[in-house]
1. Subtract the Cα-Cα distance of Ala199 and Ala297 from 0.36 nm times their separation in residues, and report this length gain in nm to one decimal.
2. Using a/c under 1.5 as the rounded threshold, could you call the stretch 36-83 rounded, prolate or oblate? The axes a ≥ b ≥ c are square roots of the C-alpha gyration tensor eigenvalues, and prolate needs a/b larger than b/c, oblate otherwise.
3. Assuming 0.36 nm per residue, please report the length gained on full extension of the stretch Thr125 to Ser47 beyond their Cα-Cα distance.
4. Could you sort the peptides 282-294, 60-72 by per-residue average Cβ neighbour count (10 Å cutoff), highest mean leading?
5. Compute, for the chain, the length of the dipole vector about the Cα centre, with Cβ point charges of +1 (Lys, Arg) and -1 (Asp, Glu) only. Units Debye, rounded to 20.
6. Calculated from DSSP H runs of 4 or more alone, at -39500 (n - 2.57) each and per residue, what is the 222 nm mean residue ellipticity of the chain, nearest 500?
7. Please list, in order along the stretch 269-277, the HN-Hα scalar couplings obtained from phi with the Karplus expression 6.51 cos²θ - 1.76 cosθ + 1.60 (θ = phi - 60°), rounded to whole Hz, x for Gly and Pro.
8. Only Cα pairs under 8 Å and at least 6 apart count here; give the relative contact order of the chain as a rounded whole percent.
Amino acid sequence: MNTIRRNATALLLSLAVATPLVQTAQTAQAAPAADDVRLAIPAPTGSYAVGRDTLHLVDRDRRDPWVPSAGARQLMVSMYYPARGGGKPAPYMSLKEAELLLRGQNLDKRFPPKILAATRTNARTGARPAAGRHPLVLLSPGFTLNRATLTSLAEELASTGYVVALVDHAYESFGTTFPGGRTLTCVACDTIEGAGSDAAEKKLLAKAATGRAADLSFVVDRLTSLPAWKRSIDPRRIGAAGHSLGGNASASVMAADRRVRAGVNMDGTFFAPVPERGLGGRPFLMLGTQAGHSPTARDTSWPRDWKRLDGWKRWLTVADSGHFTFIDLPILGGQAGHSDPSAPLSGKRSGEITRAYVGAFFDQHLRGKQRPLLDGPTPANPEVTFQNPS
């Protein structure tokens, strides 16, 4: 089983056992039942309300790389945007997606999928868009995980004035629901796990990263041509960010598509390397765990590609964090009362740090707003170390 999937197992296990862990510290009478847990994405801090729409995009110029018999490459995209209010509460994920996410880790009988699916969000469907043209940020989730796991970051960015395209890549998550009730499962997981060697797995993961880069470029093509979206998007201000494999994809799309002006990798190995020639002087942020992505950690792709980045760059590591610190799941696990001894940073702080640094990066490089947070360590964020290897 590859490293990415093992990491997914560890995080989802922590979420699934959250209530039993709480119960060991309480009397049986005081402990909440699993069905009583209520999860919620933290309220975003920006001045805009957040709207959400969902797009099903089909790239008829490319055949799906994992299931060629399926025909054209398909994507599901959650569009978050600055709004003026109105609309109805947007769901977190479908029940089927929650079931498959938990079942993929053999946890569906230990944590009710309906609790995960019912997570309260802040976005609203049918909300009235705010006037003006806004920077666009593309977001790509970790391998095996569906796009909903980056909801907190997407909502935060939209609330501060970004249009956000949060992309699900077909056959690369445990389950993604498409129109008509179809839910596609992770064929890529089985393909990579059956590769036969570590080198073969890494080669396939590099293929997945560059394939996602092509997905993201296609999303830009469509959004800048669809009348409903092109009037809300400034095509001169486009960025990309992602978690794990999605972070690698953010660098890969910058290497392939000069329209993408800035990128963030949140704790992802660079299976597809940054080109030796660099990224044309464009800015890039590497945000990772202290244990896994400090300069002396086992993942040698970060020191290698740090040297290749030829524009503004930062390499930040977060103490007491884990691979999933940068997505929703630790936030939700913390609400259920869980503290993971191997990654003791709280879910609340995990979300605050991720939103603050990613938001500051895009503010500085897509909106021209100087953000001192990126200049060096701050007393307010003692967990964050600025790495600067030679």
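1. Working: separation 98, 0.36 × 98 = 35.28 nm, distance 1.92 nm.
Net length gain for the segment: 33.4 nm.
2. Working: a/c = 4.66, a/b = 2.06, b/c = 2.26.
Verdict is oblate for the stretch 36-83.
3. 26.3 nm
4. 282-294, 60-72
5. Values: 47 positive and 33 negative charges, 242 e Å.
For this selection, approximately 1160 debye.
6. On the way: 13 runs with 133 residues, N = 390.
Helix-only estimate at 222 nm: -10000 deg cm²/dmol.
7. Once rounded to whole Hz, the list reads 5, 7, 4, 8, x, 4, x, 4, 6.
8. On the way: 845 pairs, mean separation 63.7, N = 390.
About 16 percent, as a whole number.
Taken together, the values in this text are just the output of simple stated rules run on the coordinates, not laboratory data. The shown structure was predicted, so the numbers you read here are calculated from the model rather than taken from an experiment. Note that we place each Cβ from the backbone using ideal geometry, even for glycine, and neighbour counts take in every protein chain shown.
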